[in-house]
Amino acid sequence: MSVSRRGFIKLLGAGTACLGLSKLGIDLGPAQAYAAGLKTEGCKEFVSICPFCACCCNTIISVRDGKIISVEGDPDYPVSGGGLCAKGAALLTMHVNKHRITKPLYRAPGSTKWVEKEWSWTIDRIARKIKETRDHDFITKDAKGRQVNRLESMFQLGSSQMDNEECALSHQMLRGLGVVHMDHQARI
Amino acid sequence: MTSPSTQPGSPSLRAIETALARAATEVPALAPLLAAFGPLFAARAELRASAPGWSGPAPALDAERFTQGVFVLAQMEHGQGFQDMSAHLAQAAQTLLPVMVQSFPAVAQELNILSEAIASGALPLEDLAAAGFGETVQVPGVGAETLAFAASELVRPFVERQAQDLLALVKDLPWRQALCPVCGNAPDMSVLRRTSDSSEFIQAHGGQRFLRCSCCASEWAYKRVSCPTCGCEDPDGLMVLRAPIRLFERADACTRCNTFILCLDTGEMVDIPDLDVAALTMLPLELQAKAQGYAPLARHPWGDL
Amino acid sequence: MPKAFLIDTTRCTACRGCQVSCKEWKGFPAVPTKQRGTHQNPPDLTHYNFKLVRFSEYLEGDTVKWYFFPDQCRHCIDAPCKGASSIDGSIIQDAATGAILYTEKTVKEDFETIRSACPYDIPRKDPKTKRIVKCNMCIDRVQANKLPMCVKTCALGAMNFGDRDVMLKLAAERLVAVQKDFPAAQLCDMESVSTIYLVADTPSKYHKFAVADASGAPGMTRKEMLAGLLAPLRKTTKQLQ
Amino acid sequence: MTNHFTDIANADAVLIMGSNAAEHHPIAFKWVLKAKEKGAPVIHVDPKFSRTSARSTFHVPLRSGTDIAFMGGMVKYILENELYFKEYVAEYTNSAFIVSDKFSFKDGMFSGYNAEKKVYDKSSWSFEMDGAGQVKRDPSLKNPRCVFQLLKAHYSRYDLDKVSETTGVTKENLLKVYKAFAATGKPDKAGTVLYALGWTQHTVGVQNIRLSAIIQLLLGNIGVAGGGINALRGEPNVQGSSDHAILYHILPGYHAMPHAGWANLAEYLKANTPVTKDPMSVNWWGNRPKYMVSLLKAWFGDTGTEANGFGYDWLPKAEPGEDYSYIFLFDRMYKGKVRGGFVYGTNPAQSAPNSHKVRKALENLDWMVVGELHHTETSDFWRRPGVDSKKIKTEVFMLPSAQRGEKEGSVSNSGRWLMWHYKAAEPMGQSKPMGVMAVEIMNAVRDLYKQEGGAFPEPVLNLDWPETYQPEEITKKINGYFTRDTKIGDKLYKKGQLVPGFPNLQADGSTSSYNWLYCGGYSETEGNLAKRRNLTQTPMQAKIKLFPLFSWAWPLNRRVLYNRASVDKNGNPYNPAKAVIAWQDGKWVGDVPDGPWPPMAMKGGKYPFIMTTEGHAQLFGPGREDGPMPEHYEPAETPVKSHAFSGQLSNPCMKKATSDMDLLADPGDPRFPIVLTTYSMTEHWCGGGDTRNTPPLLEAEPQLYVEMSPQLAKEKGIQNGDVVVVESIRGKVEAVAMVTVRLRPFMVQGRIVHEIGMPFCFGWTTPKCGDATNRLTSSVGDPNTTIPEYKASLVNIRKATKVTEL
């Protein structure tokens, strides 16, 4: 077959004159009516990451009206290719789950139950406990008289569930307070 | 490149017929449209099946350039594009034009004149092919738009068939562009598919996005949550429009550049419909997207209402 | 076009995604279970568990064989349970898909008769509704062109669903591939059922009722005999060569 | 991971030890199977036959805690059959280094042991220096005191008979594994090692991994595609949270925690900045001052000045040699020395060893804050079965935590890929991200100190601390800024500009960075590289699935660590078909190389192992607490009274808590003859908190079980499904017997040793599912990491006469 001198490269693409359907003689009335009455909703898709193992499978979370409606594996994550294991596949249930705690809870000394508290009260109370502990137990010098600036009686455990940003801040905060007992799942 | 599990261009008529029947049942308002275009799609599919593929030696491809975004046809020596199919167009016209005459009564007369011009040789076949590619060609008694529409429908099966062969050349090479890896044209449709790889372990549940070329119907993988027009990946700039009654039909829109592309989510489908039929069935959604101020990335052959 | 499942047990890892999603889709509550010395839980199909991954293991020489079998209704092409039913319209076959469906009229059926008729021991009775129940091929989903929930969920490529001819082709291809490593691999009752299992070893090692001909299982129960009588077309294990 | 997940597919052999990858890292295992499809043997060495075993080429059962014996045999096999990669071993490792003549090894003990303190003085584990201050070497590797000869001599004792009678692995199986994996010692072959907690949770955990490193170095498998030592890490951001060091012993970026012996910054830097006189050694840690000062600047901002050591003076200083990890935290808590603290997203009452002690210890707290998604055995310890809540004085705050999809931020996968997750929805109810909690709590504390003063307020008030939690601002701060206009070379950087990569960090306070490793992850021109989802790669990169433009990997987007060892001295890849880097036309192509210098043989060339002081990989590794070469020691609790390799039964340096509740069974204790190992389960995640609250998962795996061999069951008169009592010297646990051929008795020293296995995911907050398996395990740990020995305890089992927990 001879090669045409013409460049057969672009078929009727955008910008080329198109024949409107109406000019083809098709009865478009019903279709137009249907389209006009069609209710659409806007959904958002967000790339997120499965919070189980450190494969960190990327996910696509679909959200409608601010509510998560589905979680699927992101096919463009080279590691998973969109796959999710059984636990990852249960992510929607993990997010939308009636077992989750949704308000700060407080258990008073000697109490047999939890009570709901406001965030502001809770934060203030925790800050007070931290300060009491720190002011009471802060060690400026060790037995050999060396400057040590440490607080041994307060600790933090966790968490590998934290984002890098949360870890960075958490570490900064703890060293600022003088905490030496800090540890997380990397050690167990 | 990753190939979709269902190869485009190896369409079974069954897929078209099933899709037409299902669509007509589910959206009765579209019945006249489906009835008009269905036979055209079927006839085109048959033509494509019997069309010659890429002839002669395969173009020499530089894998490095390809992965950098230089599509197959752009790498050819003279850059002519698809091979000339005009020799086959007379026969194609005999098959396709009568179907179109039946389907599109308003342009029947023009199409008949066109048939005659082709049969008599008044319209050289090479000119006919050129008309399919947007060149202005005059045929007395046939409007320019009608001629362009008919001609492009005539060459389309041959283009698609050639593209199948060219796409096969690059199936193992990565292609990350929003334009077609074969001919460089823009996509007018996209689809989310279940893909399977050779691994006998965890596989994707679905949702790999493929764009489909408006010119040659090639499909290629393209990343989700990103706008193929402007590249926006900020989730706040992207929006999926859907009708709650047909959640598998989406218009993936970008609020940054105000474009959209239709998308069929086949992730949990048993029968994956023919994509021409699917796109036609999504016309109402497309109109909604346009009404909301978004422009399509590329237009469908049937244009607008 | 009739539909079929291909369940490739060689790909199954017993993640039980299918078992869980089946009951979640159908809105069934979790049934209280106990650990009984096996991962297989609940122990058997129930009226709230239409899908159950069965576990079995063997030590052969120095090699451990560990088999998983996602058990469910076979949707027999010529269903013995349908043949055994005495109420018109209680057990029907969907013409489009070939799914065997139990309707509300099963309330009036004799449960033992229906259960005994099944060579695969699938039917269960819902004590509340009195209906006889089992997997319905997610017919609501399939009619809406959606995959059955277990297939949609499976991430291992073990659960497949589609047109019967496509599934038969896939089954034949997979069998050839699997037989390279497992010469005893076979497709269970392929000609007579719409749920085709690919197993790597003798079917009875997977489950007593893996195939209709339970000669591999110890003794033949009345159930099996009855099933045999009622299902003259039932095929014995077929091996594709 | 030295490499990354998709790279596993490049391996020519895969050795999985101490990991059940198919069940716990199924996505990683996908890449294992890709390697297998291409012909790589997949070898699973593990006490239990699991789904990983089922999909491997072969499974070799091994008695828990004998990995060093097993691998020591492999070292001997490789050396004696000369299967090692000779050029690699000679040029890139310290095989030729001459070790000090003060170093010795006798009957299981290295020189320098202090029996009273149970620690080594490591000064004799050093190298001989020549007059120029460089390490003496014998390139012929014949000197009997060179590392190569010492290694050979050390492992010559690990013959098949001894290894077999110790590990319980047949000689035939040993040889099968050795042969299959040692085949990767050829220049164009790569083998990968995948491990998980099965290696780390031992009193010899670090040495398990050290020995795998020695094997990988002998075979030339480090730095190459399809090679490396790859930890399949189990927790979501355990990589990032380790990098950012939520750990007592380090600061972000792997700097030692300051201790009282280093009174000021100068002393600290002097002690922690290695020096080499070898001009070809990069000695990257020589840059430590730049990273440490930048960290201090990030912490203390403008208040950190040269006068106060950029804030070093305010930092807490640990007591030298003191251990502040889990085990010792709970020991001190048990002894009443801890007043309060935070528990975020972890459940120590369930997952720390010796749970009885942990739970009792929590009662001594004055207050505790728990940030969680749901109630756990830790948050609700005060109402656990058998205790009188009224008597427990602890004030407990439960802070509802946001789920992953409800917050934005970055995490790092095991392959060090830094990836961004977007916030999809508002946190449920009043829940908040942990970052918000930390910022709000600290601001409240700071307010109190501002208003009232208090103990040593300087560090509290001088922190450069945000008003609100804005994740991406912190991402930038992790990358780091110029704190003033700074000229580097010809280029001027303005104050407030992001630092373009850690080579630009400075030791004079002109830069800040929360973590030098992440410097380069946020760029002025390209923005937040963690958000990158670009799959483009060159054909060379595509061959090894490098994906260099997808996300960003530390350090400097390097995907394969030590990749300069994948090429010969002239920069030519040892395996051209799977080249990681190559020197072409005067530049490196492929991955980001370990530094820009030309290949080693060229002018200005450098040794490939840039993180070691002398530039060579350490076959002889002087840095570990328990010896420069791994040696087999039995677990702290062992069913044998002696072993074949030496008279030293267990690790002489292992860490132990010493309260009245920290009992250990004697070696070969007839009361506890059975080895217990513990593990995770597919259906439940870690301690099980999330998944036990998902009813269908609980339906599928409802109760605690103990897996045992049919032989053991028969011996004990136990039927499958019976409730049994598993008892260690520390506690009892009820579990359902699962009698299975997947566990097999071991022939050890001519007699049968039984091993049983239990998951640890069941706890009392879920009724009737059983309670913590960790009530059985002990507070002993590895001397380097103090990771507890969960994988080998001694127990006994019997049929239960009364059932209370199930």
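Each reported figure results from applying straightforward, stated rules to the coordinates on display, with no laboratory input. As the structure is a computational prediction, the values presented were derived from the model and not from experiment. We place every Cβ from the backbone using ideal geometry, glycine too, and count neighbours over all the protein chains shown.
Loop-located trypsin sites (Lys or Arg not before Pro) in the stretch D:4-89 (DSSP state other than H, G, I, E, B) with a sparse environment of at most 13 neighbouring Cβ atoms within 10 Å: D:LYS38.
How high is the FRET efficiency between D:GLN749 and D:LYS277 when r is their beta carbon distance and R₀ equals 60 Å, given to the nearest 0.05? Step by step, r from the Cβ atoms, then E = 0.75.
The local environment of C:LYS51, defined by Cβ-Cβ distances under 15 Å, has a net charge of +4 under the rule Lys, Arg +1 and Asp, Glu -1. Of the residues B:PRO157, B:PRO273, B:PRO105, the one that moves most in a GNM of chain B with alpha-carbon contacts below 10 Å is B:PRO105.
Would you mind classifying the stretch D:707-806 by shape? Square roots of the alpha carbon gyration tensor eigenvalues, ordered a ≥ b ≥ c; an a/c under 1.5 is rounded, otherwise it is prolate if a/b is larger than b/c and oblate if not. Since a/c reaches 1.5 but b/c is at least a/b, the shape of the stretch D:707-806 is classed as oblate.
Computed from Cα atoms, the angle from the helix A:164-177 axis to the main principal axis of chain A rounds to 20 degrees.
Simple rule: put +1 on each Lys or Arg Cβ and -1 on each Asp or Glu Cβ in the protein assembly as shown, find the dipole, and look at A:ALA35, D:VAL370, D:ILE250; the Cα lying farthest toward the positive end is D:VAL370. Normalised by the number of residues in the stretch A:138-188, the mean separation of alpha-carbon contacts (under 8 Å, six or more apart) gives a relative contact order of 41 percent. With a sphere of radius 12 Å drawn around the Cβ of D:LEU448, what net charge do the other residues whose Cβ falls strictly inside it have (Lys, Arg +1; Asp, Glu -1)? Taking every Cβ under 12 Å from that of D:LEU448, the sum is +2.
Most simply put, the stretch B:187-296 has about 80% antiparallel DSSP beta bridges, counting only bridges with both residues inside it. Computed over the alpha carbons of the stretch B:11-169, Rg followed by Dmax gives 17.6, 51 Å. Among beta bridges from DSSP that stay inside the protein assembly as shown, the antiparallel ones total about 70%.
Projecting label points 7 angstrom from Cα along Cα→Cβ for B:SER120 and D:GLU306 puts them 9.7 nm apart. Based on Cα contacts under 8 Å between residues 6+ apart, the stretch D:77-161 shows a relative contact order of 31 percent.
Other protein chain C-beta atoms within 10 Å of residue C-beta, averaged over D:255-263: 3.
Among beta bridges from DSSP that stay inside chain D, the antiparallel ones total about 55%. Peptide B:261-267 has a mean shielding of 1, counted as Cβ atoms of other protein chains within 10 Å of each residue's Cβ. In terms of surrounding Cβ atoms within a 10 Å radius of their Cβ, C:ILE139, B:ILE245 rank from fewest to most as B:ILE245, C:ILE139.
With a Förster radius of 30 Å applied to the beta-carbon distance between B:ASN258 and A:SER22, the computed FRET efficiency rounds to 0.75. Counting only other chain Cβ atoms within 10 Å of each residue's Cβ, the peptide D:313-325 averages 5.
The simple Förster model, with R0 at 22 Å and r as the Cβ-Cβ distance, assigns D:LYS714 and C:GLU60 a FRET efficiency of 0.70.
All other residues whose Cβ lies under 11 angstrom from that of D:GLY223 are scored, Lys and Arg at +1 and Asp and Glu at -1, for a net of 0. Label-to-label distance for D:ASP161 and D:SER140 is 3.4 nm, based on points extended 7 Å past Cα in the beta-carbon direction.
Figure legend: label point modelled 7 angstrom from the Cα of A:ASP65 along Cα→Cβ; residues of the stretch A:20-43 with amide N under 19 Å from it are A:38-43. Here is the list for the stretch D:243-293: trypsin sites (Lys or Arg not before Pro) lying in DSSP coil, each with at most 13 other C-beta atoms within 10 angstrom of its C-beta, are D:LYS277. Over chain B, dividing the summed -39,500 (n - 2.57) contributions of all DSSP H runs of at least 4 residues by the number of residues returns a 222 nm mean residue ellipticity of -12000 deg cm²/dmol. Pairs from the list D:LYS270/D:LYS494; D:LYS290/D:LYS491; A:LYS87/D:LYS176; A:LYS44/D:LYS432; D:LYS122/D:LYS569 with a Cα-Cα gap above 28 Å: D:LYS270/D:LYS494; A:LYS87/D:LYS176; D:LYS122/D:LYS569. Helices assigned as whole DSSP H runs in chain B whose Cα atoms extend at least 27 Å along their own long axis and whose mean Kyte-Doolittle hydropathy is 1.0 or higher are not found. Pull out a ≥ b ≥ c, the square roots of the eigenvalues of the alpha-carbon gyration tensor of chain C, then state rounded if a/c is under 1.5, prolate if not and a/b is larger than b/c, and oblate in the remaining case. Rounded, since a/c falls under 1.5. If you fit an axis through the alpha-carbon atoms of helix A:119-137 and take the longest principal axis of the Cα set of chain A, what angle between them do you get, 0 to 90°, nearest 10? On a 0 to 90 degree scale, this one is about 40.
Per-peptide packing, taken as the mean over residues of other Cβ atoms within 10 Å, places D:157-165, D:451-459 in the sequence D:157-165, D:451-459 from highest down. Using just the helices of chain D, give the 222 nm mean residue ellipticity in deg cm²/dmol: DSSP H runs with n ≥ 4 each add -39,500 (n - 2.57), and the total is spread over all residues, rounded to 500. About -6500 deg cm²/dmol. For chain B, the relative contact order works out to 20 percent when only alpha carbon pairs closer than 8 Å and six or more residues apart are counted. Dipole size of the stretch A:138-188 about its Cα centre, with +1 on Lys/Arg Cβ and -1 on Asp/Glu Cβ: approximately 420 debye, rounded to the nearest 20. Placing one equal scatterer on every Cα of the stretch B:187-296 and applying the Debye formula, the log10 ratio I(q)/I(0) at q = 0.14, 0.20, 0.24 Å⁻¹ is -0.55, -1.09, -1.48. Temperature 37 °C, viscosity 0.692 mPa s: under these conditions the Stokes-Einstein estimate for chain D, based on its Kirkwood radius over C-alpha pairs, is 118 µm² per second.
Net charge dipole, the protein assembly as shown: roughly 2740 debye, given to the nearest 20, about the Cα centre with Cβ charges of +1 for Lys and Arg and -1 for Asp and Glu. Packing, as the average of other Cβ atoms within 10 Å across residues, places the peptides D:424-430, D:236-242 in the order D:236-242, D:424-430, highest first. Scattering from the protein assembly as shown was approximated by placing one identical point on each alpha carbon and applying the Debye formula without solvent; log10 I(q)/I(0) at 0.05 1/Å stands at -0.44. Each of D:TYR344, C:ILE87, D:GLN711 was placed along the dipole of the protein assembly as shown (beta-carbon charges, centred on the mean Cα), and the one lying farthest toward the positive end is D:GLN711. Oblate is the label for the stretch D:114-208. Its Cα gyration tensor axes, ordered a ≥ b ≥ c, give a/c of at least 1.5 and b/c at or above a/b.
Considering only D:VAL358, B:ILE118, A:CYS167, and ranking their Cα positions along the charge dipole of the protein assembly as shown that arises from unit charges at the beta-carbon of Lys, Arg, Asp and Glu, the one farthest toward the positive end is D:VAL358. Site pair D:ASP107 and C:ALA95 shows an inter-label distance of 9.2 nm when each label is modelled 7 Å from Cα along Cα→Cβ. From helices alone, chain C scores -6500 deg cm²/dmol at 222 nm; the rule is -39500 (n - 2.57) for each run of n ≥ 4 DSSP H residues, then divide by the residue total.
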